[in-house]
Amino acid sequence: MSKIGVFVCHCGTNISSVVDVYKVAEAAAQMPGVSYAAEYKYMCSEPGQQMILDAIKEHGLNRIVIAACSPRMHETTFRKMLKKSKINEYLLEIANIREQDAWVHPPGEEATEKAIDLVRMAVAKVAKNEPLKSSLIPITKKALVVGGGIAGIQAALDIADAGHEVVLLEREPSIGGRMVMLDKTFPTLDCSACISTPKMVDVSAHPNIKLLTYAEVAAVKGYIGNFTVTIRQKAKYVNQDICTGCGICEDKCPKKVTSEFNKGLSDRPAIYKLFPQAVPAKPVIDRETCLMLQNGKCGICAKVCPVEGCIDYEAKDVEYDEDFGAVILATGYKLVDWGGMYDEYGAGRYPDVIDGLTFERLVNASGPTEGHIQRPSDGKEPKTVVIVKCVGSRDPKKGKPYCSRACCMYAAKHAHQILDKIHGARVFIFYIDVRTPGKNYEEFYDQTRKDGAVYVRGRVSRIYSDGEGLVCQGEDTLLNKQVRVKADLVVLETAMEPNEGAGELTGLFGASRDVNGWIQEAHPKLRPVETQVGGVFLAGACQGPKDIPDTVAQASAAAAKVIGLLNQDEMETSPMIAAIDESKCSGCGACEPICPYRAITLETIRSREGRFTNAERVIAKVNAGLCQGCGACTVACRTGAIDLLGFRNAQILTEVDALWQ
Amino acid sequence: MTDQETLQELMDKADVRQYDCYQCGKCSGGCPMADAMDLKPRGVMRCAQVGSLNRILNSNTIWLCTGCYACVDRCPHDVNVPALIEEARYEAARRGIWRRDSEVLNKVFVANLKMFGRNHEMVLAGLYNVLALKPAQDAQSVPHMMSKKLIGIRPHSIKENGELAKLIERAESWDKLASAPQEVKK
């Protein structure tokens, strides 16, 4: 016999100014199964909750309906409250009379009627609710961080400092990511390498961090607290345990290929470290270009290597499984290939039209020109430099619809560096808007203009060569005049886009991506570092364009989430998940591909089928750790064998029936 | 119909929306005619955004736009400025807003076509300069253009020369600019 208590909330005047809450409470008291109904100013407040708990005791209530705001707002609050009573916390229903009624309707009879209807539905459903119990799953106390850029480094250090084991996985031969490629960082102009390399060294020296470079994620199984990740360690061909990092092999290697790290401005050998301060500071052999590995002829590095047996051309890729409790994706960004997008900018025909990252290498003291700004075509020092912003950004037709966020600031920084390093240089920055929302950012922009950078409002329309040099043509929209600037060097501040392979990796973990390919956060405001998949978090520019301060902040936030998870020995799972009635399941498998969390698997069981006592048949099984209770499978199930606990088909039908009573 | 409504009608016909333009100026930056225009393509869009139809109709822009579509190609939001300019041209004609030089050029150009079946640049330039009272305009370019054979004395005619003239005359017999252009469009 259900004894339902209905509690109607005024929500200050949010609800009561539109809905006659007293009338709702009166009507609720008459509904079948309801033995007590009341209203109160703020149900979620301390006295409000106490009032409910008192009523439960006094009237012996065994099911509760609260007519208030959205369950997304306070369902958890009231569930926690019920833990203090004898009532199971799932014998609770929320009638949303705020978002679905008071906020969207004018005051009056009809709004009150709708509130009563909503309460009646909730009352009907709660009578059918069944007590649910959350189960406990164990947690592997080890985290995996994918991506060794500044986001991954920061997250790994934070988790390791909290006392948990971390594996930091990076596919390049060294960690460091984009940040070590930069020369200086805005707005403080501190040397990027000087502040990031100590962190890289910390990572390699930390007792709780296992650093895996030149490695990739091959496969992922499991769920929050219990991931099994297959890691593919690419063959480095250099025994990392005995290599001293002396560098003789790199000097003697006869094969030279274009350096990706220096954005094609210089060459590197086939046996190489990514950059001099690489961590680990030991070379790897690039098997695609090594003469020995390709043709079997050369072997010079093995001959010059002073450590016996250090270089092993027979090394193979190794795959192995490792268990983790939590994962942070920190796969970062790359710059768009502007050449393929913008014919009007020369489509890459002019060597002196470069992107921002190339400029960073050009101006970097440890770069190929040792920090002297020399244009790529003839090595001359440019006197007039044009910087073009929003190349590929804010361009839904040819590029990306979004703003890449960091370009305004690094454009100002580039201008500052040019004016600082080249005496008598002139810098023109073509912009549409200057966006400087960050601590000390506007001040930095001011300083750049004081330094002498000329800001021209207008998007460059065309870059062409007039035979003598490059000409940038655009409109100065503030002068209302077409302008042409002869430039020795043009720097295009290009848009950021998700890194190579980020899509496949996200897919392996079952997380989703937005229309632009960035990894989707669980909630844009309230859960910014979580993905929709439990136990998989994100940090840095893999979520969207970000500058370094924001990346580091987000990495620490993701680390905090992981630490919170790993600090528990076991965790509660939501009991509102799919349940399969084995007697009804036909094993058709329709639910399996539909599940977005890959929680459903088909299993063969033996059971009694009619006269067969030991018949073999296939049924679907739900993994309680993976299931997020979305309900997609219940719709797909042809035999109606799947029900969502807490939202059983029968319960929802009761609600619908109640609406028409 | 108010100017505001007329403008909206022109915008709808041209399939151009005010909110698509964020005034980056890439259109004007690359426009080959921008130097001569009093209102550049971005300016046309700005006028459309703030509802000054008269400024568009009285600009020389609508008569100077060559319809090369460089602006549309480069526009990040694919705003079709030439289509709007074309609609504005019809509206200006309907309202009798002609610029003397545009009118002269129009007449000389059509007369030229009737005569030769195709445009003869020397005749066009000569007649235009005289009638527009700018006798020496662009005279300095003549030797260069002649040496490169961009223009010549001898006219080039087409086969069955009279046919095009007949077509043009038939078009001219329509009620001038009242209905014909709208039907022709789209």
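A few points about this structure:
- Residues in the stretch B:24-64 that are within 13 Å of chain A (Cβ to nearest Cβ), over 13 Å from the mean Cα position of the chain (by Cα), without any contact (Cβ under 8 Å) to a residue 24 or more places away in the chain and not in a helix (DSSP H, G or I): B:25, B:38, B:39, B:40.
- In the stretch A:108-131, the residue that is nearest to residue A:578 (Cα to Cα) out of those that are crowded, with 16+ Cβ neighbours inside 10 Å and in contact with a Gly (Cβ under 9 Å, 6 or more places away or on another chain) is A:129.
- Within the stretch B:1-23, considering residues that are within 21 Å of the chain's Cα centre (by Cα) and in a loop (DSSP other than H, G, I, E, B), the one nearest to residue A:463 (Cα to Cα): B:16
- Failed item, numbered, when residue A:615 is tested on (1) outside any strand (DSSP E or B); (2) among the small types (Gly, Ala, Ser); (3) touching a Lys or Arg at 6+ places or on another chain (Cβ under 9 Å): (1)
- Lone qualifier among A:273, A:221, A:282, A:234 - being closer than 19 Å to residue A:170 by Cα, touching a Phe, Trp or Tyr at 6+ places or on another chain (Cβ under 9 Å) and of a type in the set (Lys, Arg): A:234
- Residue under evaluation residue A:381, criteria (1) more than 14 Å from every other protein chain (Cβ to nearest Cβ); (2) surrounded by 18 or more Cβ atoms within 10 Å (Cβ to Cβ), criterion not met: (2)
- Selection status of residue A:63, surrounded by 20 or more Cβ atoms within 10 Å (Cβ to Cβ), under 15 Å from residue A:129 (Cβ atoms) and of a type outside the set (Gly, Ala, Ser): yes
- Within the stretch A:14-73, tally of residues that are in contact with a Leu (Cβ under 8 Å, 6 or more places away or on another chain) and among the hydroxyl-bearing types (Ser, Thr, Tyr): 2
- For the stretch A:434-482, a tally of residues being among the hydrophobic types (A, V, I, L, M, F, W, C), at the interface with chain B (Cβ under 9 Å from one of its Cβ atoms) and surrounded by fewer than 17 Cβ atoms within 10 Å (Cβ to Cβ) returns 0.
- Scanning the stretch A:639-656 turns up at least one residue that is out of contact with any strand residue (DSSP E or B) (no Cβ under 7 Å at 6 or more places or on another chain), farther than 30 Å from residue A:113 by Cβ and not acidic (Asp, Glu).
- Within the stretch A:561-612, the set of residues being part of a loop (DSSP other than H, G, I, E, B), touching a strand residue (DSSP E or B) at 6+ places or on another chain (Cβ under 6 Å) and hydrophobic (A, V, I, L, M, F, W, C) comprises A:585, A:599.
- Odd one out for residue A:117, checked against (1) under 30 Å from residue A:66 (Cα atoms); (2) touching a strand residue (DSSP E or B) at 6+ places or on another chain (Cβ under 6 Å); (3) of a type outside the set (A, V, I, L, M); (4) outside any strand (DSSP E or B): (2)
Yes/no per residue for (1) farther than 22 Å from residue B:8 by Cα; (2) assigned to a helix (DSSP H, G or I):
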site: B:66; (1), (2): yes, no
site: B:79; (1), (2): no, no
site: B:114; (1), (2): yes, yes
site: B:118; (1), (2): yes, no
site: B:133; (1), (2): yes, no
site: B:141; (1), (2): yes, yes
site: B:167; (1), (2): yes, yes
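- Of note, residue A:532 does not satisfy the criterion of being closer than 15 Å to residue A:142 by Cβ, touching a residue at least 12 places away in the same chain (Cβ under 8 Å) and assigned to a loop (DSSP other than H, G, I, E, B).
- Residue in the stretch A:409-416 that is touching a residue at least 24 places away in the same chain (Cβ under 8 Å), under 26 Å from the mean Cα position of the chain (by Cα) and within 14 Å of chain B (Cβ to nearest Cβ) present: no
- Some residue of the stretch B:136-155 being in contact (Cβ under 8 Å) with a residue 12 or more places away in the chain, out of contact with any Pro (no Cβ under 9 Å at 6 or more places or on another chain), basic (Lys, Arg) and not assigned by TED's automatic domain parsing to the domain that holds residue B:64: no
- Filter result for residue A:340 (closer than 30 Å to residue A:390 by Cβ and more than 25 Å from the chain's Cα centre (by Cα)): yes
The values are calculated or read from the model by the stated rules, or taken from the named source; none is laboratory data. Remember, predicted model here, so these are calculated numbers, not experimental data. Please note: Cβ atoms are built from the backbone with ideal geometry, for glycine as well, and neighbour counts cover all protein chains shown.
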